[in-house]
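The values are calculated or read from the model by the stated rules, or taken from the named source; none is laboratory data. Quick caveat: nothing in here was measured; it's all calculated off a predicted structure. Cβ atoms come from the backbone with ideal geometry, glycine included; neighbour counts cover every protein chain shown.
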Amino acid sequence: MKTFAYVRAADVDTALQSITSEPRAKFLAGGTNLVDLMREGIERPETVIDITRLPLDEIEELADGRLRIGALVRNSRLAADPLIRTRYPMLSQAILHGASGQLRNMATVGGNLLQRTRCLYFYDEASACNKREPGAGCAALEGFNRGNAVLGTSDHCVATHPSDMAVALAALDATVEVKSTRGTRNIALTEFHRLPGATPHLETELDADELITAVELPVLPVAANSRFRKVRDRVSYAFALVSVAAAMEVGEDGTIGAIRLALGGVGTKPWRAYEAEQVLLGAAATEETFHRAAEAELASATGLSGNSFKIDLARRTIVAVLRQLLTDGSAA
Amino acid sequence: MPDLRLRVNGRQEVLSAQPQVSLLDALREYLGLTGTKKGCDQGACGACTVLVDGVRIVSCLTLAVQYEDREITTIEGVDHPLQEAFVRHDGLQCGYCTSGQICSAIGMLAEHKEGAPSAATEHLAVTGGELTAAEIRERMSGNICRCGAYNGIVDAIREVAP
């Protein structure tokens, strides 16, 4: 690993001043992705600012009922939180379906949002990768691309966003609070990650001097009837081929009164399924509607040599989860 | 080189190490505590699992300097009924993953005791469900055993679990 200067930030202001004065610095929290990327030589910070001792590790219910989750709350603690388990179960499930027990004890909420793709060619320095080296090309287009994305792709990049947690947060209309010495701003989770376009090395809206300080969840009654389902090569500890996070409320007349749907494993960013939601909202909660919604969302999907199977798999998983939510909802 | 203060198995240690030294390398190469194993060195195998303030983590994906003044426990500091249970149930063949399995299982049992759910937990709103074989397999999925002694590992943990 390349050497670097280590700074332990004592408070948020000091951390923000450090990153402003050191342009080639990186914040370090749980380390589960950044330390690995540094060892591989993909990330080469000159200064590492350790933020793990900042007081950003609380889960707090605000006066208006929203939940504020500090950026340094560990993934395992968030998944186990009683309010998350009852009000937003899809978020607990999404986190628990990611990584391993040890990694969830280390990984933070803010770090999870910033984790980088596991595209094989991004990790392999001998291969062309526009994300790692802008303009170099993309070896995944013609390579082993079974794990790559089918939605939101470009000629420059087909890397899948790896997070499970972010898929649930996209469905839940979460917002991300970020701070810098210039002030504080809030970014919708669905706007936080960028599509690759011609600049796949630019992954988020976060500026180089900004720190994620919290994630907030809105009051969202529909989320109490929600689920996350992940389809993968192993039953545990594997990245998603396809995942679906969904919440649905069906009225007494059998129509869908509220719906939130997002996909993982298929998109270049956590994929909020707006097209499907548009079909579902106000329609009869039937198999036919679910199929039509899944069709609508995947209509723009583009498969590569090795990952076209994901398009049908995503359709079927959407239908299966909605069917399950219909049963769960009527049992409640 | 800067001094690093680590509290390991109840002892205060001071070592001279650069900040890029992982907790795993600090334990093995600087403190001679070779019970903690290096498998993949990228967070995939769990062989390097240790406990920090009683919480299981992988020591390869973390810088030692981040864990100054925390209470680190390695297999050398463990005295737990799981160790005998692993022997009784043949929870190992070559033994390379065993120290990580045992540290991980100790952390896992504490998590379960505190009511933490897993991906195998069907009813999230209910805490304190039984630690079934399916739950153990899911909760221990971060520890790979290349010899495939999983049945023995699960049996050993079930015997010790309350």
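Observations, loosely collected:
- Residue match in region A:198-221 (condition: surrounded by 24 or more Cβ atoms within 10 Å (Cβ to Cβ) and under 20 Å from A:GLU275 (Cβ atoms)): no
- Scan of region A:60-84 for residues that are within 16 Å of A:GLY98 (Cβ to Cβ), of a type in the set (D, E, K, R) and touching a helix residue (DSSP H, G or I) at 6+ places or on another chain (Cβ under 7 Å), ordered by number: A:ARG74
- Candidate set from region A:47-61 (those that are assigned to a loop (DSSP other than H, G, I, E, B) and within 12 Å of chain B (Cβ to nearest Cβ)); member that is surrounded by the fewest Cβ atoms within 10 Å (Cβ to Cβ): A:ARG53
- Given (1) assigned to a helix (DSSP H, G or I); (2) within 14 Å of chain B (Cβ to nearest Cβ); (3) touching a Leu at 6+ places or on another chain (Cβ under 9 Å); (4) closer than 19 Å to A:GLY31 by Cα, number of the condition A:LEU91 does not satisfy: (4)
- Exclusive hit being over 23 Å from A:SER308 (Cα atoms), in contact with a strand residue (DSSP E or B) (Cβ under 8 Å, 6 or more places away or on another chain) and hydroxyl-bearing (Ser, Thr, Tyr), set A:THR181, A:THR160, A:THR190, A:THR199: A:THR190
- Candidates A:ALA294, A:ALA284, A:ALA262 - the one that is of a type in the set (Gly, Ala, Ser) and under 16 Å from A:ALA168 (Cβ atoms): A:ALA262
- From A:ALA276, A:ALA240, A:ALA262, residue being in contact with a helix residue (DSSP H, G or I) (Cβ under 9 Å, 6 or more places away or on another chain) and within 14 Å of chain B (Cβ to nearest Cβ): A:ALA240
- When B:ASP90 is tested against the conditions (1) farther than 20 Å from B:SER141 by Cα; (2) loosely packed, with under 15 Cβ neighbours inside 10 Å, the lone failure is (1).
- Conditions (1) within 13 Å of B:VAL160 (Cβ to Cβ); (2) more than 9 Å from chain A (Cβ to nearest Cβ); (3) touching a Lys or Arg at 6+ places or on another chain (Cβ under 8 Å): number failed by B:MET108: (2)
- A:GLY70 vs. criteria within 14 Å of another protein chain (Cβ to nearest Cβ), modelled with pLDDT of 95 or more and crowded, with 18+ Cβ neighbours inside 10 Å: no
- Single residue of A:THR86, A:THR14, A:THR32, A:THR3 found to be in contact (Cβ under 8 Å) with a residue 60 or more places away in the chain and either farther than 27 Å from A:ALA168 by Cβ or surrounded by 21 or more Cβ atoms within 10 Å (Cβ to Cβ) (or both): A:THR32
- Unmet requirement for A:ARG39, which otherwise passes all of (1) more than 14 Å from every other protein chain (Cβ to nearest Cβ); (2) over 23 Å from the mean Cα position of the chain (by Cα); (3) of a type in the set (D, E, K, R): (1)
- When region B:126-154 is limited to residues that are surrounded by 13 or more Cβ atoms within 10 Å (Cβ to Cβ), in a loop (DSSP other than H, G, I, E, B) and within 11 Å of chain A (Cβ to nearest Cβ), the one that is farthest from the chain's Cα centre (by Cα) turns out to be B:THR127.
- Residue count, region B:14-23 (criterion: assigned to a loop (DSSP other than H, G, I, E, B), of a type in the set (A, V, I, L, M, F, W, C) and at the interface with another protein chain (Cβ under 10 Å from one of its Cβ atoms)): 1
- In this entry, A:LEU72 passes the filter for residues that are over 13 Å from the mean Cα position of the chain (by Cα) and part of a loop (DSSP other than H, G, I, E, B).
- Test: A:GLY329 is modelled with pLDDT under 95 and either surrounded by 15 or more Cβ atoms within 10 Å (Cβ to Cβ) or touching an Asp or Glu at 6+ places or on another chain (Cβ under 9 Å) (or both): yes
- Residues of region A:178-192 satisfying the condition of being buried (at least 21 other Cβ atoms within 10 Å of the Cβ) and either closer than 21 Å to A:ALA223 by Cβ or small (Gly, Ala, Ser) (or both): A:LEU189, A:PHE192
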